[in-house]
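Below you'll find the structure, written out as structure tokens, and then a few comments.
The values are calculated or read from the model by the stated rules, or taken from the named source; none is laboratory data. Since the model is a prediction, treat every value here as computed from it, not as a measurement. We place every Cβ from the backbone using ideal geometry, glycine too, and count neighbours over all the protein chains shown. Remember, those area values only see protein heavy atoms, side chains included, never the ligands or the DNA or RNA. Shrake-Rupley method; radii C 1.70, N 1.55, O 1.52, S 1.80 Å.
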Amino acid sequence: MNEELKIVIKAITSEAKKNISAVKQELEKVETTGTKTGKSIKQTMKSIAKVSAVAVASVTAITAALVKLGQSAKEFNTIQSKLISGFQAAGASAKQASETYKGFFRFLGEADRAGEAANHLAQMTTNEQELAEWTKICQGIFATFGDSLPIEGLTEAANETARVGKVTGVLADALNWAGVSEDDFNNSLANMNSLAERESYIRGTLNNLYSNAAILYERNNQAAIQYNEAQYRLNVALSEAGKYVIPLMTQLSNLATVVLQVLKPAFEVISGVIIVFVQWIIAAVQYIGTFFGLFSEKGTSSVKKVSNSISAVNS
């Protein structure tokens, strides 16, 4: 078990341990209260109620932690499943998908963007060295332009450009802002006969333009990169724990559905009784208003206003 997973489990169970300890202490108080002469039953019942409240709090805390863990694991697993499926469909491996995603996440720090950016690359190449080159290029472009040039948009545009043979999307910005003529670039692409040849030309050009920026970013932003790497490891640990939590939450959801279906007839009966009860109150208010109206016209008017207000709420 890696350190990140241990941290996750410790975070989930620490609050539960504290509450369980509190429950034990309260139970001991109940036992003492129940055995000592002179202590009232009322005091004993108060202690039992307190034990119940603490126990409920413990269960609630554990459930909330499990739900949060399950949601985090589900989000990460969804991104990974899409990414791996895309890479495998292109003929690459799950390991290549994970490594490429990790490479993007360590400088982007955003799961969705890293997954989307990595997925476009598998449509151009499945070569590990070339995938690593693309990751380095994107890091250099991110270091140069930040969010003003979206990396997921760049990999999408590079993929489309390699297919159609003409610069599209934000790839034009990456070239133009570095002083490369878009027209000249398109002319070169027009003389190439395959996707692989065009991909190689795009990758080589961008590598020459931005590889140095990637190196400088690596050197100057170690703290941010290390933080993202730690977050990535934590996400993996959450995913591993989620393999056990998600099925449990699924079964709890199924149980809740069954319970609600079973109780539906009871809810219908209760709601009917409440409606009849409210209507009875309205009738009673109107009757009382009529009675008092014999003594005061003003009183009748006031009661009618109250009755009308209740009727409006009921409708």
Report summary line: Just one listed residue, out of 81, 58, 93, is modelled with pLDDT of 80 or more, surrounded by fewer than 20 Cβ atoms within 10 Å (Cβ to Cβ) and not acidic (Asp, Glu), and it is 93
Query raised in the report: Based on what the data block shows, is residue 196 open to solvent by 30 Å² or more (accessible area, probe 1.4 Å), of a type in the set (A, V, I, L, M, F, W, C) and in a helix (DSSP H, G or I)?
Result: yes
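Here is a check on your reading of the model: is residue 180 more than 18 Å from residue 117 (Cβ to Cβ), of a type in the set (Val, Ile, Thr) and open to solvent by 20 Å² or more (accessible area, probe 1.4 Å)? I'd like the intermediate steps shown before the answer.
Numbers: more than 18 Å from residue 117 (Cβ to Cβ): yes; of a type in the set (Val, Ile, Thr): yes; open to solvent by 20 Å² or more (accessible area, probe 1.4 Å): yes.
Answer is yes for this residue.
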Query raised in the report: Is at least one residue of region 108-121 at pLDDT 85 or above, of a type outside the set (A, V, I, L, M, F, W, C), over 19 Å from residue 158 (Cβ atoms) and open to solvent by less than 50 Å² (accessible area, probe 1.4 Å)?
Result: yes
Requested in this report: Please go through region 197-230 and pick out each residue that is touching a Leu at 6+ places or on another chain (Cβ under 9 Å) and farther than 19 Å from residue 157 by Cβ.
Outcome: 228
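I'd like to check which helices (runs of 4 or more DSSP H) are fully inside region 99-192 and have at least 3 residues that are of a type in the set (A, V, I, L, M). So that I can check it myself, show each step before the final result.
Values: elements: 111-121, 128-145, 151-164, 171-176, 182-190.
Answer list for region 99-192: 111-121, 128-145, 151-164, 171-176.
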